[in-house]
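The block underneath contains the structure these notes are about, expressed in structure tokens.
None of the figures in this text is laboratory data; all of them are computed from the coordinates on show. As the structure is a prediction and not an experimental result, all values here were calculated from the model. All Cβ positions, glycine included, derive from the backbone under ideal geometry; neighbour counts span all protein chains shown.
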Amino acid sequence: MTLDLFQYFQLLSLLVAIICYKGLSHCRIVLFIPLLLLTNIVEIVGTNYRLLGWTRSDFIYNWYILMSTPLTLYLYGMMLRLRQNEKPIYIIISLLSILFIFINFFFLQGRQQFNNISVILIEILNIVFSCFVLLRLALHGDIQSGMFKDPYSWISAANLLFGLITLVLLGLQQYIRSNNIVIGNTSLYRAILPVVNIILYSSYCVAFVLCRIRINRSLLSSSQ
């Protein structure tokens, strides 16, 4: 069994999330634990699919898209701190997005072909919702100190960066392949995404630790 470098950061983020479980629960993002568990399982299996005798791994990632999207949308719902009049709109957008992903999985691109259309939709949602979370934090928090101490800001900023880069790379995927654009001996797609993944999961680790710090401060203040 082999692991890419970025997968160690995925495993680390899962470990930190489990250690900081109470902090994640306090920040209402405890669903990151099953999401990261699912991510790690899929990435490890996807990297080592030939050991299982499989010829392709696309269907594994398609199942991941299907299962991870509801968890991701729920987490955004928590981080957005939706007002009562905003919740119905968010629920409708989420349900329509999940419905499209199901339709694409079962009837359009199918289970065997990589569902890149679903990924594009997910990354657009990532970009939009991350921007809204950051905007809400900027408007209602201390911009100078609060943003860097808020777990949601680390998660959203990392998701925003990941979404933008992934969307650009997916849009240029055919161009990159047809022109054989490489960095060293590695394709541009495979050279950039692992680095972005390392940034993403490192930021998650920081966010989870900040959640743990928050609950420790809360417990300390309540005991005084």
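Odds and ends about this structure:
- Sum of side-chain charges, residue 25 neighbourhood, beta-carbon under 13 Å (Lys, Arg +1; Asp, Glu -1): +4
- Unit charges on C-beta of K, R, D, E only; dipole of segment 1-153, Debye: 300 debye
- With the convex hull of the Cα atoms taken as the outline of segment 32-120, the averaged projected area works out to 6.3 nm².
- J(HN,Hα) series, segment 154-162, from Karplus relation 6.51 cos²θ - 1.76 cosθ + 1.60, nearest Hz, glycine and proline x: 5, 5, 5, 5, 5, 5, 5, 4, 4
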